[in-house]
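Visitor: The structure follows.
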Amino acid sequence: MTQVNLQKAANILGVTTAEILTWQKKKLIKGQKINQVDWLFDLEQLTNLKNNQSPGELRILQTVEPTNYKVIELFAGCGGMALGLENAGLKTQLLVEINQDCVNTLRLNRPQWNVINQDIKKIKFSNFRDKIDIVAGGFPCQPFSYAGLGKGLEDLRGSLFFEFARCLQEVQPKIAMAENVRGLLSNKKGETLQLMLQALQEIGYYAAYQVLSAQFLDVPQKRERLIIIATRQDLNIKPIFPQYKNYTISLKKALENCPSSPGVEYKERKKEIMSLVPPGGNWRNLPMDIQKEYMKNSLKNHGGRTGYAKRLSWDEPALTITCSPAQTQTERCHPQETRPLTVREYARVQSFPDDWQFTGNLTSQYRQIGNAVPVNMAYHLGGCLINMLQGDYLGETQPKTEQLSIPGLEVH
Ligand SMILES: C[S@@+](CC[C@H](N)C(=O)[O-])C[C@H]1O[C@@H](n2cnc3c(N)ncnc32)[C@H](O)[C@@H]1O
């Protein structure tokens, strides 16, 4: 990887520095800020983007070398994380999920998986003690209050993170991996995350965390997720995070030959309005009188409205998809047709294979997919976990940007 600063990159590529900063703002490249005005970029990534080179179609990544490392997956949803870890070569031993539609989805696609359909709070994990290598889970971050009494894990009792940590205490896996939204970083000015990391330390795990951008990990979507990797303190395992790829996958490539599937439609007036928005555009592209009609009081608010009446671009990864494909503030209209993405298009954007089926009504299917960890992102994380268990630190290493860890813990 050749790193160059902003001006040098512009000179080499024959583009303006403003152009490069626009790519960075659009999250098509990953720059590292080195001071108030300057950045470091990966020259190969810039060159790929300038030459419009893409790796071809979206590939659902799968290893040819399965391992015997065993995983428990908590809060399994419709299986995005579980499938990615399986594709990486890990063996799924148990999945826990409370929602019936999600459980039906998991059982339909993987009848051989051991799925428990229950509230995690009611499950005892001690039978699995010392038999599991990895416990993974995207604990939902429901609002919870904590006393902040400095009691560590006890302060978090009542939260689903507490249940995640309880599972670690009972199972004693070598590694734990938790996934959450980026917003957890700033929740209560960072206090919530710090408390969680301290709690992990208290129960015998070193923890490191990083915000990962899915678009640099073979996922055709700009989706950021906070990943915490914790390793048992009595083992000499150091956390590693995936190495970013130097390309992104455009929505056009991702939706090539996408099988048809059900999808929601806009109401008539919304469809008329959305038909006026060009690919990549949003409410600002509408005539003023229609802006007023569509935006109503939100027109007066300042900032943060780029998601209103948003139409996706063909030539970039999709914007983050949410639990519903047509929400006012996070609209993601198809680039060409005037409609939200179909269920199968949603699944493609999350890098689910076309044969992964979803159960339940349309609303539920969109929600399951929108909640998932992108399968290819989980695949890359799984590769890191395997490397960690095998003591192989030469493969995937984490980029330096946004790397944060508990002081005292060196991260490779
Ligand atoms: C963010 S989603 C997980 C998505 C999943 N990691 C994937 O990649 O598809 C969180 C899941 O936790 C489940 N959940 C919430 N509360 C739960 C509980 N008390 N016990 C078990 N599962 C629960 C929800 O039903 C939801 O499917």
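Visitor: Only one of these is touching a Gly at 6+ places or on another chain (Cβ under 7 Å) and surrounded by fewer than 19 Cβ atoms within 10 Å (Cβ to Cβ): T105, T47, T63. Name it.
Guide: T63
Visitor: Restricting to segment 66-80, what's the tally of residues that are touching a residue at least 24 places away in the same chain (Cβ under 8 Å) and either part of a strand (DSSP E or B) or more than 7 Å from the ligand (Cβ to nearest atom) (or both)?
Guide: 8
Visitor: Of N104, N35, N48, which residue is free of Cβ contacts under 8 Å to residues at least 24 places away in the same chain and either outside any strand (DSSP E or B) or more than 30 Å from Q172 (Cβ to Cβ) (or both)?
Guide: N35
Visitor: Starting from segment 277-291, keep only residues that are closer than 16 Å to W314 by Cβ, then list their pairs with residues that are basic (K, R) whose Cβ atoms are within a distance under 6 Å, requiring at least 6 positions of separation or different chains.
Guide: Here the result reads V277/R311; P279/R311; G281/R311; N282/K310, each pair linking segment 277-291 to a residue that is basic (K, R).
Visitor: Filter the helices (runs of 4 or more DSSP H) completely within segment 292-405 down to those with at least 1 residues that are away from the ligand (no atom under 16 Å from the Cβ), in the same structural domain as E86 (by TED's automatic domain parsing) and at pLDDT 95 or above.
Guide: 375-390
Visitor: While we're on this one: Let me confirm something: among T248, T231, which residue is of a type in the set (S, T, N, Q) and closer than 27 Å to T192 by Cβ?
Guide: Going through T248, T231 in turn, the sole match is T231.
Visitor: Answer yes or no as to whether A9 is part of a helix (DSSP H, G or I), at pLDDT below 95, touching a Leu at 6+ places or on another chain (Cβ under 7 Å) and surrounded by 17 or more Cβ atoms within 10 Å (Cβ to Cβ). Quick ask: steps written out before the conclusion?
Guide: Details: part of a helix (DSSP H, G or I): yes; at pLDDT below 95: yes; touching a Leu at 6+ places or on another chain (Cβ under 7 Å): yes; surrounded by 17 or more Cβ atoms within 10 Å (Cβ to Cβ): yes.
Yes: the conditions hold for A9.
Visitor: In this structure, is A136 of a type in the set (A, V, I, L, M), crowded, with 22+ Cβ neighbours inside 10 Å and more than 13 Å from the ligand (Cβ to nearest atom)?
Guide: Considered against the rule, which asks whether it is of a type in the set (A, V, I, L, M), crowded, with 22+ Cβ neighbours inside 10 Å and more than 13 Å from the ligand (Cβ to nearest atom), A136 comes out as no.
Visitor: Follow-up question, since we're still on this one. Being in contact with a Cys (Cβ under 6 Å, 6 or more places away or on another chain) and either β-branched (V, I, T) or more than 9 Å from the ligand (Cβ to nearest atom) (or both) is the filter here; which residues of segment 94-123 pass it? Talk me through it step by step, then tell me what you get.
Guide: Within segment 94-123, the subset in contact with a Cys (Cβ under 6 Å, 6 or more places away or on another chain) is 102, 105.
Selection gives T105 alone.
Visitor: Hey, L85 hits all of (1) more than 8 Å from the ligand (Cβ to nearest atom); (2) outside any helix (DSSP H, G or I) but one; which does it fall short on?
Guide: (2)
Visitor: State all residues of segment 179-236 that are within 16 Å of the ligand (Cβ to nearest atom) and either of a type in the set (K, R) or farther than 23 Å from V373 by Cα (or both); if no residue qualifies, say none.
Guide: Within segment 179-236, R182, R223, R225 meet the criteria.
Visitor: Separate question: Looking at E73 and the list (1) at pLDDT below 90; (2) under 21 Å from the mean Cα position of the chain (by Cα), which single condition is not satisfied?
Guide: (1)
Visitor: In segment 181-215, which residues are modelled with pLDDT under 95, crowded, with 22+ Cβ neighbours inside 10 Å and either at positive phi or in a strand (DSSP E or B) (or both)?
Guide: None - no residue of segment 181-215 is modelled with pLDDT under 95, crowded, with 22+ Cβ neighbours inside 10 Å and either at positive phi or in a strand (DSSP E or B) (or both), so the list stays empty.
Visitor: Just to be sure, is F75 surrounded by 13 or more Cβ atoms within 10 Å (Cβ to Cβ) and on the phi > 0 side of the Ramachandran plot?
Guide: Details: surrounded by 13 or more Cβ atoms within 10 Å (Cβ to Cβ): yes; on the phi > 0 side of the Ramachandran plot: yes.
So F75 fits the description; yes.
The values are calculated or read from the model by the stated rules, or taken from the named source; none is laboratory data. Not measured: the values here are computed from a predicted model. So basically every Cβ, Gly included, is an ideal-geometry build from the backbone, and we count neighbours across all protein chains shown.
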